[in-house]
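**Q** Structure in structure tokens, see below.
The values are calculated or read from the model by the stated rules, or taken from the named source; none is laboratory data. Computed from a predicted model, the values in this text were never measured in an experiment. As a convention, Cβ positions derive from the backbone with ideal geometry for all residues, glycine included, and neighbour counts pool all protein chains shown. Accessible surface is based on the protein model in full, side chains and every heavy atom, while ligands, DNA and RNA are left aside. Shrake-Rupley method; radii C 1.70, N 1.55, O 1.52, S 1.80 Å.
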Amino acid sequence: LAGIRIFPVVKYISIENISFEKQFQAGILLTDSTVRHITISNCDFYRQYNYGIQLNGKYHNVAKCFFNEVDGHAIDCNHGKSSEIHHNNFLNNGGFRNSGIGGQANCTSIAANFCDSIWIHHNKIDSAGYCGVTADGAYCLIEKNIAQHCMLLNNDGAPFKAFGTMS
């Protein structure tokens with residue numbers, strides 16, 4: 001289901017220079033909130049079904065990766081804290097309305113859901129089915145990103161969208 005799966009309580013891992021293609025769940029999967037300090041850099045993600053990277057936990061860094069034709073979210077940070085997503089390229093993600101994770105926020109390049117203190121900067125997003133970046137939570141900083149040709153399938157979003165606070 002995943003190219004690499006990081007299990008609970010894992011800390012201080014670097015994943016570099018790997019190409020992932022056609023995984024169902026995710027190229028890289030971190031599903032537990034106890035995972036800390038994972039660095040992912042210079043990796044390529046092609047044709048993932050649900051997620052390119054699914055992040056959970058704290059203090060992660062995703063940099064200089066390329067995401068192409070991911071059906072759900074290219075990067076999904078869920079209940080994360082103090083992580084940085086920067087200098088990545090996204091092309092043709094979320095191209096099919098009924099593929100990927102489904103739901104309203106499907107087809108988004110970067111989704112930070114219920115996150116605290118996420119810094120998203122210097123990413124280039126071209127052609128997303130829904131939003132370029134969504135950040136739902138508190139103290140998220142989204143700056144110096146380029147998003148073009150967003151909302152190709154769903155038109156009720158925005159290239160950059162934020163909603164709500166942490167509860």
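**Q** Considering each of 30, 55 in turn, give the residue that is open to solvent by less than 60 Å² (accessible area, probe 1.4 Å), farther than 26 Å from residue 148 by Cβ and under 15 Å from the mean Cα position of the chain (by Cα).
**A** After ruling out the rest, the residue left standing is 30.
**Q** Restricting attention to the stretch 1-27, and to residues there that are assigned to a strand (DSSP E or B), among the hydrophobic types (A, V, I, L, M, F, W, C) and open to solvent by 40 Å² or more (accessible area, probe 1.4 Å), which single residue is nearest to residue 100 (Cα to Cα)?
**A** The selected residue is 4.
**Q** Residue check, residue 70 against (1) in a loop (DSSP other than H, G, I, E, B); (2) in contact with a Ser or Thr (Cβ under 6 Å, 6 or more places away or on another chain), all met but one. Which one?
**A** (2)
**Q** Considering only the stretch 78-97, I want to know if a residue exists there that is over 23 Å from residue 158 (Cβ atoms) and of a type outside the set (A, V, I, L, M).
**A** Yes, the stretch 78-97 contains a residue that is over 23 Å from residue 158 (Cβ atoms) and of a type outside the set (A, V, I, L, M).
**Q** Inside the stretch 39-52, can you point out the residues that are touching a Gly at 6+ places or on another chain (Cβ under 7 Å), outside any loop (DSSP other than H, G, I, E, B) and either under 16 Å from residue 119 (Cβ atoms) or among the aromatic types (Phe, Trp, Tyr) (or both)?
**A** 45, 51
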